[in-house]
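Presented below is the structure to which this report refers.
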């Protein structure tokens, strides 16, 4: 079996990094040579705000024997990124999405040049990139190295019942009758993104992307979705080189030795609370949740993130297990209900564990995932800005007393259990690297 060399590229954020990391680990286990390229600057203080996660990613890769090349930014560009990533978590709803979509092409020309230079030195057989890291796809087109674009869910793709991306509107065919404002906003956001990206593409002699490229699988070679159609609303603009491979985290577990699993109570209804890695500095929200659920029948496990340092000095209810972080993939199968922000990875991991969820979206795709959870019949949504303690308790009790929600979650878990996302993704990327041609369904690919 001839081995291939695969270059992975991603944003320096765990939500984007984790699925690619799982696929890379699988490809490494399959005997392929893998390496990563991520934005970052060596020697930056890892305790500075949003740089903490970015600094952790190269360390994780090196511990797993995966080489990593940092895309070193000029100081003005690095400062712009730092300001943007610090500001984004303070925004909410569609405002955050508009801001990030406008910021997405920042530094695109410079980063593309850096990626092209590294590709020419490293000579990979194929590239695998997070769908938001546009520079890597442009670099693939310039160098004609085939590129797999990886999506955490099918949320960006269109469908008859699918409202504008990031709107958080319900999934239903008549969404335009009450969501016209979001339809207009999305058209403006997508048109601006098209203009910004195509301006850079022309500078490299590349043809324009098709209109509203963001709402369709855009790789000419291979598009991988780390989800399954059973946990998505129907999409109608998928290409024949788009594959739903299933969740990619089976070979990625956390530091289980650092979590007190022995403290989990078998005689209590266990509720896990997490707001992800980017927007988790929500001590006031967590205080309300702890107060609402300070009842003897519950055990509450909180992954507090940045809020941990503020909460750990306070008096915590006796039924709360407060942690700065947890091995989420390993913990989810052992809880009964998840209260989450609705990030792509956390939502998929919750569904894969067969657990119902209360989704409290903050921004970005999280409102869409709240709509997806409701559409699938596995949970409820709650407004993180305006909820009160009684409202949260009522939703917890509704889920706790409704076996249909748990049964539906178990059904979806069964569908996900049939997949092996990392192995399937590895096989598809391997085929791409070997053939140097688009991988399409007509080739009898699973």
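None of the figures in this text is laboratory data; all of them are computed from the coordinates on show. What you are looking at is a predicted structure, and each value in this text was computed from that prediction instead of being measured. Here Cβ is always computed from backbone atoms with ideal geometry, including for glycine, and neighbour counts include all displayed protein chains.
Tabulated results
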{"quantity": "In degrees, nearest ten, helix 421-435 long axis to first principal axis of the chain (Cα)", "calculated": "0 degrees"}
{"quantity": "Theoretical gain in end-to-end length, residue 211 to residue 173 [0.36 nm per residue, Cα-Cα removed]", "calculated": "11.4 nm"}
{"quantity": "Packing-based exposure ordering (other Cβ within 10 Å, fewest first) of 410, 226", "calculated": "410, 226"}
{"quantity": "Calculated FRET efficiency for the pair residue 77/residue 3, C-beta based, R₀ 25 Å, to 0.05", "calculated": "0.10"}
{"quantity": "Theoretical ellipticity at 222 nm over the chain - DSSP helices of four or more residues, -39500 (n - 2.57) apiece, nearest 500", "calculated": "-13000 deg cm²/dmol"}
{"quantity": "Helix 366-376 axis, angle to the chain major axis (alpha carbon atoms, nearest 10°)", "calculated": "70 degrees"}
{"quantity": "Extension gain, residue 418 back to residue 389 (0.36 nm per residue minus Cα-Cα distance, nm)", "calculated": "6.6 nm"}
{"quantity": "Computed FRET value (nearest 0.05) for residue 437 with residue 56, which takes r as the C-beta separation and R₀ as 25 Å", "calculated": "0.10"}
{"quantity": "Spherically averaged projected area in nm², based on the convex hull that wraps the Cα atoms of region 120-249", "calculated": "8.9 nm²"}
{"quantity": "Sites residue 309 and residue 123 - FRET efficiency at Förster radius 41 Å, r taken between beta-carbons, to 0.05", "calculated": "0.35"}
{"quantity": "Interatomic Cα distance distribution for region 299-446, bins of 10 angstrom, percent", "calculated": "10, 32, 31, 16, 8, 3, 0"}
{"quantity": "Reported label for calculated Rg and Dmax of the Cα atoms in Å given (1) 22.5, 70; (2) 21.3, 65; (3) 35.3, 123", "calculated": "(2)"}
{"quantity": "Relative contact order, percent, the chain [alpha-carbon distance under 8 Å, six or more residues apart]", "calculated": "18 percent"}
{"quantity": "Relative contact order [Cα under 8 Å, 6+ residues apart], region 331-446, whole percent", "calculated": "21 percent"}
{"quantity": "Tilt relative to the chain, helix 283-292 - C-alpha long axis, 0 to 90 degrees, to 10", "calculated": "40 degrees"}
{"quantity": "Computed lengthening from residue 84 to residue 63, 0.36 nm per intervening residue step minus Cα-Cα distance", "calculated": "4.6 nm"}
{"quantity": "Set of region 123-163 residues, backbone N closer than 16 Å to the point 7 Å along the Cα-Cβ line of residue 220", "calculated": "127, 136-149"}
{"quantity": "Shape call, region 263-381: gyration tensor on alpha carbons, a/c limit 1.5", "calculated": "oblate"}
